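J.: Following this message is one structure expressed as structure tokens.
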Amino acid sequence: MVRVYIGLGSNLANPQKQLRSAIEALALLPDTQVAGVSSFYASDSLSPGQPRYTNAVAALDTTLEPIALLDALQAIEADQGRERKERWGPRTLDLDILLYADRVIDEPRLKVPHYHMHARPFVLYPLAELVPEGFRLADQRPLSQLLADCPFVGLERL
Ligand code: ROI
């Protein structure tokens with residue numbers, strides 16, 4: 001079993017409900033347990049002109065390999081009506097593998113630690129609720145340092 005952190009986001013079709021359904025779907029994955037779920041946070045979209053997002057982070061314990069897990073997450077996104085039209089467009093559900101144990105993965109379909117997580121308060125603050133004291137990312141950056149460099153601005157804890 002390895003510990004994996006998943007970022008969840010939604011800005012369409014009742015985002016809180018989308019996140020709750022996604023967490024139920026994660027709990028049903030084979031060889032996987034949901035070890036924790038953060039609070040939900042609302043924030044404005046980083047791309048202007050979209051509805052506000054609701055974000056959270058879930059901790060999973062799983063034996064699924066990274067690409068198998070990615071396939072499973074994309075199946076959950078598709079189930080919940082995700083349509084991939086524009087790259088940064090609004091979405092019913094976005095599931096990202098943020099961290100996979102302490103592995104650094106650089107494959108065409110999957111980069112871990114997730115490329116954009118280091119400066120995004122809507123990822124870092126929910127993640128911080130779930131990790132132990134002194135936690136470092138797979139690339140050795142201390143989460144405490146990332147948080148210090150990423151103020152809790154524009155985030156609303158729901
Ligand atoms: N903005 C917020 N607040 N939360 C997200 O999950 C999110 N996801 C995205 C873009 C459009 C970059 N903006 C976001 O993909």
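One line per residue, one yes/no per condition, for (1) of a type in the set (A, V, I, L, M); (2) over 19 Å from VAL112 (Cβ atoms):
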site	(1), (2)
LEU12	yes, yes
LEU26	yes, no
SER38	no, no
TYR53	no, yes
LEU60	yes, no
GLU65	no, no
ILE76	yes, no
GLN80	no, yes
LEU93	yes, yes
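J.: Something else about it: Is at least one residue of region 96-114 over 15 Å from ALA59 (Cβ atoms) and within 12 Å of the ligand (Cβ to nearest atom)?
T.: Checked against the condition, which is being over 15 Å from ALA59 (Cβ atoms) and within 12 Å of the ligand (Cβ to nearest atom), region 96-114 yields no hits at all.
J.: If you go through region 109-158 one residue at a time, how many are part of a helix (DSSP H, G or I), hydrophobic (A, V, I, L, M, F, W, C) and modelled with pLDDT under 95?
T.: Start the filter on region 109-158 by keeping residues that are part of a helix (DSSP H, G or I), which leaves 117-119, 121-130, 143-148.
From what is left, the residues that are hydrophobic (A, V, I, L, M, F, W, C) are 117, 119, 122-124, 127-128, 130, 143, 146-148.
Of the ones still in play, those that are also modelled with pLDDT under 95 are 117, 119.
Residues that pass the stated criteria total 2.
J.: Let me ask you something else. Say we look at region 19-41 and pick out the residues that are of a type in the set (A, V, I, L, M) and assigned to a loop (DSSP other than H, G, I, E, B); which of these is nearest to the ligand (Cβ to nearest atom)? Give the derivation first.
T.: As a first pass, look at region 19-41 and keep what is of a type in the set (A, V, I, L, M): 19, 22-23, 25-29, 34-35, 37.
Subsequent filtering for residues that are assigned to a loop (DSSP other than H, G, I, E, B) retains 28-29.
Working: LEU28: 23, LEU29: 21 Å.
Here the residue is LEU29.
J.: Now, a different point. Could you tell me how many of the residues in region 107-123 are within 18 Å of PRO66 (Cβ to Cβ) and surrounded by fewer than 18 Cβ atoms within 10 Å (Cβ to Cβ)?
T.: Count: 7.
J.: Related question: Just the residues that are under 15 Å from ASP96 (Cβ atoms) and either in a strand (DSSP E or B) or more than 15 Å from the ligand (Cβ to nearest atom) (or both), please, taken from region 42-61. Walk me through how you get there before you give the answer.
T.: Of the residues in region 42-61, the ones under 15 Å from ASP96 (Cβ atoms) are 46, 53-60.
Correct list: TYR53, THR54, ASN55, ALA56, VAL57, ALA58, ALA59, LEU60.
J.: Another one. Please specify each residue of region 84-127 satisfying the condition of being among the hydrophobic types (A, V, I, L, M, F, W, C), closer than 24 Å to PRO51 by Cβ and free of Cβ contacts under 8 Å to residues at least 40 places away in the same chain.
T.: Going through region 84-127, the residues among the hydrophobic types (A, V, I, L, M, F, W, C) turn out to be 88, 93, 95, 97-99, 101, 104-105, 110, 112, 117, 119, 122-124, 127.
Adding the requirement that they be closer than 24 Å to PRO51 by Cβ leaves 88, 93, 95, 98, 117, 119, 122-124, 127.
ALA119, LEU124, listed by residue number.
J.: Among the residues of region 76-90, write down those that are at pLDDT below 95 and either of a type outside the set (D, E, K, R) or farther than 26 Å from ASP61 by Cα (or both).
T.: ALA78, GLN80, GLY81, GLU83, ARG84, LYS85, GLU86, ARG87, TRP88, GLY89, PRO90
J.: Let me ask something else about it. Pull up region 124-137, narrow it to residues that are hydrophobic (A, V, I, L, M, F, W, C) and under 14 Å from VAL4 (Cα atoms), then point me to the one that is farthest from the chain's Cα centre (by Cα). Write out each step before concluding.
T.: Of all residues in region 124-137, those hydrophobic (A, V, I, L, M, F, W, C) come to 124, 127-128, 130-131, 135, 137.
Those still in the list that are under 14 Å from VAL4 (Cα atoms) too: 127-128, 130-131, 135, 137.
Details: LEU127: 9, ALA128: 12, LEU130: 12, VAL131: 14, PHE135: 17, LEU137: 14 Å.
Per the stated criteria, the residue is PHE135.
J.: Next up: Yes or no: region 10-18 includes at least one residue that is within 16 Å of the ligand (Cβ to nearest atom) and part of a strand (DSSP E or B).
T.: Yes - at least one qualifying residue is present in region 10-18.
J.: Take LEU69 and decide whether it is at pLDDT 95 or above, out of contact with any Cys (no Cβ under 8 Å at 6 or more places or on another chain) and part of a helix (DSSP H, G or I).
T.: On the way: at pLDDT 95 or above: yes; out of contact with any Cys (no Cβ under 8 Å at 6 or more places or on another chain): yes; part of a helix (DSSP H, G or I): yes.
Answer is yes for this residue.
J.: Restricting region 53-80 to residues that are free of Cβ contacts under 8 Å to residues at least 12 places away in the same chain and among the aliphatic types (A, V, I, L, M), which is nearest to ARG109 (Cα to Cα)?
T.: ALA68
The values are calculated or read from the model by the stated rules, or taken from the named source; none is laboratory data. It should be emphasised that the depicted structure is a prediction, and the values quoted were computed from it without experimental measurement. When we count neighbours, we look across all protein chains shown, and the Cβ atoms used for this are built from the backbone with ideal geometry, even at glycine.
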